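Only one structure is covered here, and it is reproduced in the block below.
Each reported figure results from applying straightforward, stated rules to the coordinates on display, with no laboratory input. All of these numbers come straight from a predicted model, not from anything done at the bench. No Cβ is skipped: glycine too gets one built from the backbone with ideal geometry, and neighbour counts run over all protein chains shown.
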Amino acid sequence: MLALPTFSTAQPVSPQALSFNTRHTPVLFTRRLHSLQRLLVCSFLSCALFTSAARAVNEIVEVRYVIDGDSVVLSNGKHVRLIGINAPERGRDGTPSQPIAAKARARLAALAESRRVKLVFEQEREDRHGRWLAHLELPDGVRVAQVLLREGLVWTMAVSPNLERLSENLEAEKAARTARRGVWGVSAYAATPANRLNNKSTGFRFIEGTVQRRTQKHHVIYFELTPQVSLLVSKGDWKNYFSGHPSDLVGRKIIARGWLTESRGQLHMRVSHPAMLTSGG
């Protein structure tokens with residue numbers, strides 16, 4: 001919350017401040033007037049920013065264009081990334097689109113493009129790319145993400161701290177997964193064994209393997225699946241969302257979903273919630 005400028009009456013006004021030397025009266029008056037004007041401008045700007053932030057909690061907007069199954073552009077030009085889901089990637093720069101990507105985009109366009117929708121924000125309202133992070137709701141209250149999840153067009157993603165609708169998203173996803181609908185019926189999206197991954201295996205994917213060991217560097221816990229592949233959980237996320245001790249995962253076969261990144265020959269997948277891990281048997 002932004003702190004608004006306050007005007008204190010605790011300090012009495014000194015007699016010197018009330019006595020005017022006629023020779024300097026215009027200068028003193030001008031300086032005091034400018035000071036008052038600056039305070040009023042700061043107060044106005046702070047109020048405007050506070051009002052804008054409060055209004056952004058639930059904002060009615062118009063969707064101008066759908067980029068893909070989880071991102072839209074508003075009529076004001078602002079990009080919005082939907083919270084709690086991830087869609088297959090559309091092709092860029094000559095690369096082909098991933099399976100189901102076109103269907104996911106078309107379905108989101110049918111639901112929201114050129115329509116007024118409600119944006120619902122959570123704790124983190126903007127990502128590192130400057131996009132707004134929000135849920136989309138239709139005028140009749142339908143939650144767009146859950147429509148896409150039930151139809152198997154996107155996956156549930158848990159990225160802290162925006163986790164308010166995680167439980168209902170997982171429930172919507174379960175129906176599609178059980179029926180092997182959409183992405184759940186595509187063999188290309190099956191979990192890849194960690195020992196088959198290489199430096200080009202980056203991007204969103206499911207991976208599986210047995211946790212060989214646990215280490216910790218600074219505030220991050222590393223769960224090593226192979227010498228080159230590790231899952232990363234921040235100590236804060238483990239404390240807030242996981243149960244038990246990190247060592248409990250050692251020796252367990254798990255399937256993880258998330259974005260795999262490469263750095264100095266190592267592959268890392270950040271996991272911020274246990275819902276992104278399932279038992280691999």
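Against the criterion of being touching a Ser or Thr at 6+ places or on another chain (Cβ under 6 Å) and not acidic (Asp, Glu), residue 255 qualifies.
Of the residues making up the stretch 75-89, none is free of Cβ contacts under 8 Å to residues at least 40 places away in the same chain and surrounded by 15 or more Cβ atoms within 10 Å (Cβ to Cβ). Restricting to the stretch 150-177, what's the tally of residues that are under 12 Å from the mean Cα position of the chain (by Cα) and among the aromatic types (Phe, Trp, Tyr)? Of the residues in the stretch 150-177, 0 are under 12 Å from the mean Cα position of the chain (by Cα) and among the aromatic types (Phe, Trp, Tyr). Examine the stretch 143-164 for a residue that is β-branched (Val, Ile, Thr), surrounded by fewer than 14 Cβ atoms within 10 Å (Cβ to Cβ) and not in a helix (DSSP H, G or I), and state whether such a residue exists. There is no residue in the stretch 143-164 that is β-branched (Val, Ile, Thr), surrounded by fewer than 14 Cβ atoms within 10 Å (Cβ to Cβ) and not in a helix (DSSP H, G or I). When the stretch 178-197 is limited to residues that are touching a residue at least 60 places away in the same chain (Cβ under 8 Å) and over 23 Å from the mean Cα position of the chain (by Cα), the one that is surrounded by the most Cβ atoms within 10 Å (Cβ to Cβ) turns out to be 182.
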